[in-house]
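Structure first, commentary second.
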Amino acid sequence: MSELYEKYFKKPSIKDARKRKTRTTETIHVKTPLNLKAIGHDKKYKLMTYGCQGNEADSETMRGIIERLGFTETDAETSADIIILNTCAIRENAENRIFGELGRLKQYKRTNPDLILGVAGCMPQEEKVVDKLLKSYPYVDLIFGTHNIHKLPEYLETALYGKERVVEVFSDEGQIVENLPRIRDHLHKAYVNIMYGCDEFCTYCIVPYTRGKERSRDPKHIIDEVNTLAEAGYQEVTLLGQNVNSYGRDFTDKAYRFADLLEDLNKTSLPRLRFTTSHPKDFDEATVKVLAKGGNLMPHIHLPVQSGSDSVLKKMNRKYTKASYLELVKTIYKYIPEASITTDIIVGFPGETEADFEQTLDLVRQSRFEGAFTFVFSAREGTPAAKYADHTDIKTKKARLQTLNQIINDGYLLGNQRFEGKVVNVLVDGVSKNNPEILAGYTEHNKLVNFKGDKTLIGKIVPVQIDEAKTWFLKGTYHESR
Ligand code: SAH
Ligand code: SF4
Ligand code: F3S
């Protein structure tokens, strides 16, 4: 145990995180500007982000708070006074990476004993992680979770000036905190949370424990935020939620669901609207019909299927079947024939047989996916699937992943090839990583395009003629005359 006196000390509990339905959601409005002391006016910070878009969005809030405290950002670990890792707990290798990073960062504590090293995000929501940090990483000064980002000013002040170790992780919060300051990563693309938490409890997944009860933001707050972004010149917003299709399910005062929200946001002046992630069980026809209106609603749908086997889907607690998923895909193509559908798939779920895996391959072939994130199952302590009997060796699982990826890659290429010879609208993100003379951006269908062009096009939506389709990107020519 650390020699430091511990000021806050609240550890997470997976058991507490499981309880939820009985609590009601409370929305807290933080007064802006926050009345904060400039405790960081001569200090620098570094923030590292490891998780999903929700985790990136949280980092934007942390950055907003930290800079309000007067800290300035640095990339150099040697000159940082605070380093915070915003972590992800979704798979074991994500966690191992963080422990590796902490080991590497230890050296900076030796050169700068005043350095504050913090671990935030989803990993601290797990009891076993906090226990491990307390036992084996005594040089970590600050540990906080996903529910108490708004308390960061207090924590930093205590850690920096009180020289006390801060460990505070709430397991049972059901709040929505509005009005927190935020510094966004991009100048023309933004994330907007429409809901927090997840109540699905897919048996493999840690998120319902790390993110708490599902709670939807008031539509007014979302629409206001989108309008403000559009007025500020933002070109694209991605709505965030673990299951956006269940948006509004928790409202007790109104019948307002995801399709209604899309319908309202379709009327704003924002040029492009995306959303993630969809859950096949809750994706209703009303939503498909709204999406078919087009306008700012982009024709790309990320629809994680996880498996094509009914018995595996059942054990995963996904609450749909292969047939109902394929039916939904059919409905999407019926209303939006040009839609691009991508997915997430887990192979090697406990008990998955070769025949189950074949069902997944069959579903993939029938669905015409244009991309997928594919994973080997990773047991997460505290989730039901971690206790399921698993007799398939890792070699077989990895072989399945490879077989699946080949078919997925064929889908990527086919999806790209359908744009050859066409002129498409590209939102220009910036210059290509490999060549500063080449611009990179995304089409409406979320395809990466590289083309030659002037840097003044960055942040604009411009027409590009597609010359050649590769598996991972499209090559094009700026189509000035249009
Ligand atoms: N809420 C989203 C995404 C959750 S996490 C959804 O329901 O689809 C992103 C992806 O990580 C999941 O879709 C799943 O494919 C994968 N994933 C989650 N838990 C996992 C685990 N224990 N092992 C392997 N992959 C996992
Ligand atoms: Fe995890 Fe399932 Fe919730 Fe997605 S819907 S975050 S996979 S529990
Ligand atoms: Fe996101 Fe990872 Fe947490 S995927 S919700 S940061 S566990």
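The values are calculated or read from the model by the stated rules, or taken from the named source; none is laboratory data. Because the structure is a prediction, the values reported are computed rather than measured. All Cβ positions, glycine included, derive from the backbone under ideal geometry; neighbour counts span all protein chains shown. Areas reflect the complete protein model, heavy atoms only, side chains present, ligands, DNA and RNA absent. Shrake-Rupley method; radii C 1.70, N 1.55, O 1.52, S 1.80 Å.
Its residues counted as N, the stretch 301-363 yields a C-alpha radius of gyration over 2.2 N^0.38 Å of 1.13. Pairs exceeding 26 Å between alpha-carbon atoms, taken from LYS7/LYS109; LYS422/LYS470; LYS395/LYS470: LYS395/LYS470. A dipole drawn for the chain from +1 and -1 charges on Cβ atoms has a positive end, and of ALA386, ALA292, THR343 the residue lying farthest that way is ALA386. Cross-link reach is defined here as a Cα-Cα straight distance under 16 Å, omitting same-chain residues fewer than 8 places apart; for LYS314 the lysines meeting it are LYS281, LYS322, LYS387. Whole Å is fine, so just give me how far the alpha carbon centre of the stretch 118-163 lies from that of the stretch 39-101. Cα centres, the stretch 118-163 to the stretch 39-101: 12 Å. Only Lys, Arg, Asp and Glu carry charge here, each on its Cβ (+1 for the first two, -1 for the last two); on that basis the chain has a dipole of about 400 debye about its Cα centre.
In vacuum, with every alpha carbon of the chain counted as one equal point scatterer, what does the Debye formula give for log10 I(q)/I(0) at q = 0.06, 0.12, 0.14 Å⁻¹? Two decimals, please. The computed values of log10 I(q)/I(0) come out as -0.29, -1.21, -1.55.
What order do you get for 295-303, 400-408 when each peptide is scored by the mean count of other beta carbon atoms within 10 Å, highest first?
295-303, 400-408
Accessible surface for the stretch 3-168, divided over its residues, is 46 Å² per residue with a 1.4 Å probe.
Cross-link partners for LYS267 among the lysines, with Cα-Cα distance under 19 Å and sequence neighbours closer than 8 places in the same chain left out: LYS189, LYS220, LYS289, LYS293.
Proximity of backbone amide H atoms, modeled 1.01 Å from N, is registered between HIS300 and SER340 at under 5 Å, excluding neighbours fewer than 5 places apart on the same chain. Compare the Cα positions of GLY121, LEU439, SER59 along the charge dipole of the chain (+1 at Cβ of Lys, Arg; -1 at Cβ of Asp, Glu; about the Cα centre) and return the one farthest towards the positive end. Farthest towards the positive end: GLY121.
The residues of the stretch 376-482 have, on average, 56 Å² of accessible surface per residue, using a 1.4 Å probe with all protein chains present. The phi-based Karplus calculation (6.51 cos²θ - 1.76 cosθ + 1.60; θ = phi - 60°) puts the 3J(HN,Hα) values of the stretch 248-256 at x, 4, 8, 6, 9, 9, 8, 9, 9 Hz, whole numbers, x for Gly and Pro.
Could you sort out which of LYS334/LYS460; LYS15/LYS46; LYS46/LYS433 sit more than 24 Å apart by Cα distance in this structure? Listed pairs above 24 Å: LYS334/LYS460; LYS15/LYS46. Our summary gives the stretch 423-478 a relative contact order of 36 percent, counting only alpha carbon pairs under 8 angstrom and 6 or more residues apart.
Relative to the compact globular guide of 2.2 N^0.38 Å, what is the alpha carbon radius of gyration of the stretch 3-168, as a ratio?
Details: Rg = 15.5 Å, N = 166, 2.2 N^0.38 = 15.3 Å.
Compared with the compact-globule rule of thumb, the stretch 3-168 sits at 1.01.
Just the protein heavy atoms count here, and of the accessible area of the chain at 1.4 Å, carbon and sulfur take up 50 percent.
Among the cysteines of the chain, CYS52, CYS88, CYS122, CYS198 have no other cysteine beta carbon within less than 4.7 Å of their own.
One quarter of the surface of the convex hull around the alpha-carbon atoms of the stretch 88-219 equals 9.8 nm², the direction-averaged projected area.
Positive-end ranking of HIS479, ILE223, CYS205 along the dipole of the chain, with charges on Cβ about the Cα centre, is headed by CYS205.
As a rough guide to protection, the peptides 53-61, 386-394 ranked by mean Cβ packing within 10 Å, highest first, stand as 53-61, 386-394.
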